[in-house]
Amino acid sequence: MLGYELGLTSGVLLQLRGILSLSCREQELLVGSLLLGCLVISIVGGWGLDRYGRRWSMLLSGGLVAGGTMLLLLPASLTTLSLGRAVVGMGTALSGTAACMYIAEIAPRERRGLLVTLYELMVVVGVLLGFGCSYAFSALPNGWRYTFGLVLPPAVLQAAALVLLPPSPRFLVARGDSERAKEVLVRLRGVASRETVEEELRGIQAGLKEEAEHGFRELFSDKANLRRRLLTGVALVFLQQTTGQPNLLSYASPLLRSVGFHSDAAANLASTGFGVVKVVGTVPAVLLVDRVGPKSFLCVGAWISLVSLLVYVAAFSFSLGPSKNTHRRIRTHTHTTQHNTTQHNTVGSLPFLSHMTPIIQTVLARNESDGERVREREREIVTILLQCIL
């Protein structure tokens, strides 16, 4: 759902700005309302994650997404659309946080990186579906309603599937139900691994005991190298966000429409290519992250992105870039020249930036040890706050 909501934004925006005659500021409000909802839930959602667990938080996220979508299907107005998108943003942010934590807590340590990157693969597949559905319904009257409404079946399916899944063993141990946590571990690891279940259960108990001795302020201390580990995760997210890739996804269709595509459908179809590139860039990361290592992927991706941007700049020096008339058209459809430059420059490096998101997720998931575990809620809040602010 998270990827789908991100992917449909630009195509739906292209339709709604004509229907509602939205100004640039109003378009930005509509796009930013999703992130505003993410920001709100990142501040208050941690309490629910700790009190009710990851599984019930994901159930709540499905309800928020469904409720927000119903608001979006009401008679169109900027107020109802912005409010609906904010509620959907709350649901998708809560789902993304809870899902990553749930995966990390139920997965064997040696498979944690693979499963986290598989989650990211599903996110980028959702982005591709969002772009594709925007194109499929772009020629229909009120096609944006169908695009918004298609998220309802996945929300219901997620809720139904979560009812069948067990709570995470770590959450059960934290609530004092070690026997049930042991049963869940046996179910997850198999009967043949009963010997290792006891050891893993003791490791969870020891980790929770040590975690209780730490507070939020210790994330910024030198104890257990927490400050450096926190700054590493924050820096990775910050640098990824400042590439402008999220802006490109949110405004891809209007941007392509402004540079010469003759119809909204053509611009939506072209923007679907960005979703294809993200999927193609993520597949190698999923297949090779445990074999090659996340650091190698980050280094290779960063260097190739830099080279591609230099090639893009060199193309302008030889008059191979968009013409001056094209830039005039762009300025009439976007807010500032600086914003456009970031979006255009991101196009050149998008194929290589795409695989960096799952790698960063893997680094964040592995940036801890059993004996020196950072509190998940605080780390997730810091990470999501930074993503939303940027």
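The values are calculated or read from the model by the stated rules, or taken from the named source; none is laboratory data. Keep in mind that this is a model prediction, so the values were computed, not measured. FYI the Cβ positions are ideal-geometry reconstructions off the backbone, even for glycines, and counts take in every protein chain you see. Surface areas here come from the heavy atoms of the whole protein model, side chains and all, with no ligands, DNA or RNA. Shrake-Rupley method; radii C 1.70, N 1.55, O 1.52, S 1.80 Å.
Peptides 88-101, 127-140 ordered by packing proxy, namely the average of other Cβ atoms within 10 Å per residue, highest first: 88-101, 127-140. Each peptide in 195-205, 168-178 was scored by the mean count of other Cβ atoms within 10 Å over its residues; highest first, the order is 168-178, 195-205. Atom-type composition of the exposed protein surface of the stretch 1-310 places 67 percent of the accessible area on carbon and sulfur (1.4 angstrom probe). Average accessible surface for the stretch 151-261: 55 Å² per residue, computed with a 1.4 Å probe over protein heavy atoms with every protein chain in place.
In the context of the full set of protein chains, the stretch 1-113 has a per residue accessible area of 37 Å² (1.4 Å probe). Every pair of different Cα atoms in the stretch 1-310 enters the Kirkwood calculation, which places the hydrodynamic radius at 21.3 Å.
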